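Please treat every number below as a calculation from the coordinates, not as lab data. Note that the structure is a prediction, hence the values are computed from the model and not measured. Virtual Cβ from ideal backbone geometry, glycine too; neighbours counted across all protein chains shown.
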Amino acid sequence: MSTLTMKNLQKKYPNGYNAVPGLDLHIEDGEFLVLVGPSGCGKSTVLRMVAGLEDITGGDLMIDDTRVNDKGPQERDIAMVFQSYALYPNMTVEGNIAFAMKLRKTDKEQIKRKVAEVAELLELTPVLDRKPGQLSGGQRQRVAMGRAIVREPKLFLVDEPLSNLDAKLRVQTRAEIAKLQRRLGVTTMYVTHDQVEAMTMGDRVAVLRRGVLMQCASPSTLYESPDNLFVAQFIGSPSMNVLRGKVAAAGDDGISIDVGGQTVRLGGAAAQRLAGLAGYAGQEIAFGVRPEALGGDGDASIDVSVDLVEMLGSEKLVHATIGSPAVRSTDSGVEIGTGASSTIIASLDPRRDVRVGERLTLTVDTLRVHAFDLQTGQAIGRS
């Protein structure tokens with residue numbers, strides 16, 4: 001097992017495109033780190049640089065204490081699992097798993113023993129004599145993992161391995177991969193565009209945008225304490241509701257935020273948590289609240305008009321209009337909607353009777369309110 005460190009890691013293409021302008025990231029020995037972000041954010045480029053499949057144009061890539069920028073893939077002792085599985089169709093499962101060891105001229109008895117161990121670990125023993133075309137998508141994924149495991153590498157690199165599976169199999173396989181990694185304890189970098197995969201699998205999650213690290217933290221920290229507006233809206237489904245607000249008052253007795261002509265007052269612990277808002281008195285901010293922080297326990301409230309009700313079994317999603325424009329993070333900065341109102345989503349108890357067209361009062365859990373600077377998009381006053 002090993003550590004992986006990127007110090008100002010850069011990738012600039014000959015046409016001038018700066019895919020990764022300078023990434024600083026450290027992965028601990030045995031850690032499962034997920035790299036996530038929208039399409040084109042640079043996550044696969046980073047993975048390919050770590051694997052030695054993409055030239056590094058600046059900075060340092062360290063495996064343990066060794067700089068590996070100029071070392072080839074075969075010299076880095078890394079195993080990679082590809083999105084397409086990359087199995088040899090003419091070989092059996094046993095042949096695919098054993099292939100790398102045969103290339104290294106490993107003793108036949110050792111190959112047989114290692115393949116048997118890995119096959120048992122991955123529940124592939126009954127299909128060792130089958131070829132990839134005779135396997136399910138989940139089985140093919142496990143064969144690809146087995147081929148990586150049998151090498152006993154320093155690092156696992158996993159590139160969107162679940163994208164070719166149906167929804168039910170994705171849930172099952174992501175749980176299997178997470179359990180397997182924890183059992184093996186191998187340092188792992190896992191790339192995905194799916195935030196649900198990221199949040200359920202990683203010890204930590206690194207969120208990228210246009211090659212820039214926006215935040216790296218545990219899943220719970222990303223969700224409850226996003227550093228900026230981009231992370232706040234990227235993590236979570238449905239995403240955080242973010243509206244234009246104004247800090248109407250801030251003093252010893254609390255903070256009052258005007259949201260579309262309605263006042264949300266933060267007192268006690270909620271005011272302390274967002275104490276930085278005191279410096280924004282009289283100024284506009286981005287006011288954020290997640291769907292599940294509306295309509296349950298709360299010490300403030302807002303009135304909305306119900307547009308749509310979605311019954312999902314375990315929750316009821318209510319889409320409603322509020323008299324304040326939406327705020328969102330874009331590639332060019334923070335953008336405020338042009339309309340006088342916008343739609344927010346509340347996650348309510350499925351037993352609650354809500355009807356389209358009615359005027360609804362939603363409680364607000366002020367301990368779960370977020371605030372962001374409208375110019376920079378950075379979180380305000382979090383403690």
*Give, rounded to the nearest 20 debye, the magnitude of the charge dipole that the chain has about its Cα centre when Lys and Arg contribute +1 at Cβ and Asp and Glu contribute -1 at Cβ.*
1260
*asked:* Run lengths n ≥ 4 of DSSP H only: what is the helix-derived mean residue ellipticity at 222 nm for the chain, with -39500 (n - 2.57) per run over all residues, to the nearest 500?
replied: -7000 deg cm²/dmol
*In nanometres, what is the gap between the two model label sites at VAL212 and ARG183, each 7 Å from Cα along Cα-to-Cβ?*
4.2
*Hey, for a label at THR57 modelled as a point 7 Å past Cα toward Cβ, could you say which residues of the range 8-33 have their backbone N under 16 Å away?*
8-23
_Just to confirm the number: angle between the C-alpha axis of helix 93-103 and the first principal axis of the chain, 0 to 90 degrees, nearest 10?_
70
*Taking the dipole about the Cα centre of the chain, with the C-beta of Lys and Arg at +1 and of Asp and Glu at -1, give me whichever of THR361, ALA346, PRO161 is farthest to the positive side.*
PRO161
*Take each of the peptides 204-215, 332-343, average the number of other beta-carbon atoms within 10 Å over its residues, and list them starting from the highest.*
204-215, 332-343
*If you take every DSSP beta bridge whose two residues both sit in the chain, what share of them, in percent to the nearest 5, is antiparallel?*
80
*How large is the dipole of the range 4-227 about the Cα centre if only Lys and Arg carry +1 and Asp and Glu carry -1, each at its Cβ, rounded to the nearest 20 debye?*
640
*Quick one: if you stick a label point 7 Å off each Cα along the C-beta vector at ARG351 and GLU176, how many nm between them?*
3.8
*Dipole of the range 33-117, positive direction: furthest Cα of GLY58, GLY40, SER84, with charges on the beta-carbon*: SER84
*Which entries in LYS154/LYS179; LYS43/LYS246; LYS11/LYS131; LYS7/LYS154; LYS105/LYS179 show an alpha-carbon gap greater than 27 Å?*
LYS43/LYS246; LYS11/LYS131; LYS105/LYS179
*Going by how many other beta carbons lie within 10 Å of each one, how would you line up LYS43, LYS316, fewest first?*
LYS316, LYS43
*If you stretched the chain out fully between ASP24 and GLN272, how much longer would it get, using 0.36 nm times the residue separation minus the C-alpha to C-alpha distance?*
86.1 nm
*Classify the range 36-116: rounded, prolate or oblate, from the alpha-carbon gyration tensor (a ≥ b ≥ c, eigenvalue square roots; a/c under 1.5 rounded; otherwise prolate if a/b is larger than b/c)?*
oblate
*Compute the projected area of the convex hull of the Cα atoms of the chain, averaged over all viewing directions, and report it in nm² to one decimal place.*
22.5
*For the chain, with the dipole built from +1 on Lys and Arg beta-carbon atoms and -1 on Asp and Glu ones, taken about the Cα centre, which of PHE372, PHE99, VAL186 lies farthest toward the positive end?*
PHE99
